[in-house]
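Each value in this text was obtained by applying a stated rule to the coordinates, not by laboratory testing. All figures in this text were calculated on a predicted structure; none of them were measured in a lab. In this analysis, Cβ positions are derived from the backbone assuming ideal geometry, glycine residues included, and neighbour counts consider all displayed protein chains.
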Amino acid sequence: MKVGFISYWSCPLTRLGILRAGGMNVYIVNLANQLGKLGVAVDIYTRSHKDKHAPSTIRLFENVNLIHLPVQNKDDYLAVLNFARIVSDYIDKKNLTYDLFHSHYYFSGLSALILKTKFKIPFIQTFHTLGEMKKRYVGLSDISRIKAEKQITIISDALIASTQLEKNHLEKYYKADPGKIHVITPGVNHHLFRPHDKIKSRRILNLPLNKKIVLFVGRIDPVKGLTFLIRAVGLLTRKYPDFKESINVLLIGGDINSRYFWHNKEVKKIVRLIKIKKLSGCVNFLGSVSHNKLPRFYSSADVVVLPSFYESFGLVVLEAMACGSAVLSSAVGGVQYLIRDGKNGIIFRSGNVADLSWKLYQLINNPGKRESLGKNAVYTGRNLCWEKQADKMKSLYEKIAV
């Protein structure tokens, strides 16, 4: 079996946490890797980087190729149409054949609509995030995006939802045919994400041994709710002045060496809030971190916080749990299926600064509870691996390709 992945939105190899690179990149790379091990040939089509003007192919894993195609680096519908044409021309030129396409994000889905028509083969869509839900949870309304997602929902041959909640959203807000929706949860790479000794990890990363470390991992984006974490820490330091001296909040994500990063609207908002709350000495931007280093950061943290308003799944939580971290998260996406509140993690009310602040304070001051949560979290994470999820995906491919 041979499958063409369409990844217009972002090259899967882009450093995580920079601009649009996040959980979807992790998803694509790990799924493709495991499919390749199962004997499924996967070609991942994406855009070339700025300085490239000709197609280039990288062998990522066994049976998996990453194909960069030169196309304008724009996020508009003409560019998407052009990308579909370039993919089509490349396939014709190389005389390639596929059993189906699997597109990721709605821009890729629009390209897949065209490719489906041209090559007369089915395509499967994974949205990763939904415009309708961003509108409802964060107020980010993109009418053209929602319209495109509805069109893709109708024409695609199958839809992948990461959770039952996402399936419900597709049925309720997009009127998707329930029979087309298949819930296949993302996995975690247990060879990479596993517990490490906290003190040793801090020494390796040159992190303070005598501080309580609160860790955030993710893109710097309004949907991630980072301002609420800063406000929660500010509330604690105002109520307990000594708290400021004992805590270190680490923010992983974003290209801090780029001048564009510091001009980003959300970044400027966060920096201003840090100054207002007088937290400059205890909140640190670390920028983008290699995926291979993340397990050490998770293991170094006393608490990993996910303050998001909306996530389709929340891979950060699964990765942190696999590393034995104490996780404090809003009940978004897959989190509500992963965390049993008080057993293997703690849930706070999304957008509620007081609730986040109080639960963070309780966790910071209760090492026994953190240890208990971490041990249970590791056990939970063991049940979700990419090997199992890829096997489910392969079975679906075989069913759809018939």
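Taking amide H atoms as placed 1.01 Å from N in the peptide plane, the amide H of Ile181 lies under 5 Å from those of Leu159, each 5 or more residues away in sequence or on another chain.
Computed from backbone phi, the HN-Hα couplings of segment 144-154 come to 5, 5, 4, 4, 5, 4, 5, 5, 4, 4, 6 Hz, rounded to whole numbers (Karplus: 6.51 cos²θ - 1.76 cosθ + 1.60, θ = phi - 60°; Gly and Pro given as x).
Averaging the sequence gap over all C-alpha pairs within less than 8 Å and six or more residues apart, then dividing by the number of residues, gives segment 116-270 a relative contact order of 17 percent. Compactness ratio for segment 198-381: Cα radius of gyration over 2.2 N^0.38 Å (N = residue count) comes to 0.94. Each peptide in 39-45, 135-141 receives the mean, over its residues, of other Cβ atoms within 10 Å, and ordering these scores from highest gives 39-45, 135-141. Projecting label points 7 angstrom from Cα along Cα→Cβ for Gln151 and Arg136 puts them 2.3 nm apart.
For the chain, the longest principal axis of the Cα atoms and the long axis of helix 265-276 meet at an angle of about 0 degrees. Note that the chain shows a convex hull volume over its alpha carbon atoms of 133 Å³ per residue. Exposure proxy shown here: for Ser48, Ser103, Ser10, the number of other Cβ atoms within 10 Å sets the order, fewest to most, as Ser48, Ser10, Ser103. Contact order, relative form, for the chain: 17 percent (alpha carbon pairs under 8 Å, 6 or more residues apart, mean separation divided by residue count). Under 5 Å between amide hydrogens, built in the peptide plane, is the criterion, and for Ile247 it picks out Lys212 among residues at least 5 positions away or on other chains.
Here the simple spin-label model places points 7 Å from the Cα toward Cβ, and for Ile199 and Ile256 these points are separated by 2.7 nm.
Could you tell me the center-to-center distance, by alpha carbons, between segment 90-165 and segment 308-380 in angstrom? With segment 90-165 and segment 308-380 each reduced to a Cα centre, they are spaced 31 Å. Phi angles across segment 344-356 convert, under the Karplus curve 6.51 cos²θ - 1.76 cosθ + 1.60 with θ = phi - 60°, into 3J(HN,Hα) values of 10, x, 10, 9, 10, 6, 3, x, 9, 4, 4, 5, 4 Hz, Gly and Pro given as x.
Electrostatic bookkeeping for Ile364 treats Lys and Arg as +1 and Asp and Glu as -1; over the other residues with beta carbon under 14 Å from its beta carbon, the sum is +3. Taking a Cβ cut-off of under 12 Å around Phe193, the surrounding Lys, Arg, Asp and Glu residues balance to a net charge of +3, with basic ones at +1 and acidic ones at -1.
With a threshold of 28 Å on the Cα-Cα distance, the over-threshold entries among Lys135/Lys175; Lys293/Lys388; Lys134/Lys175; Lys120/Lys394; Lys37/Lys175 are Lys37/Lys175. Beta bridges per DSSP, both residues in the chain: antiparallel share near 10 percent.
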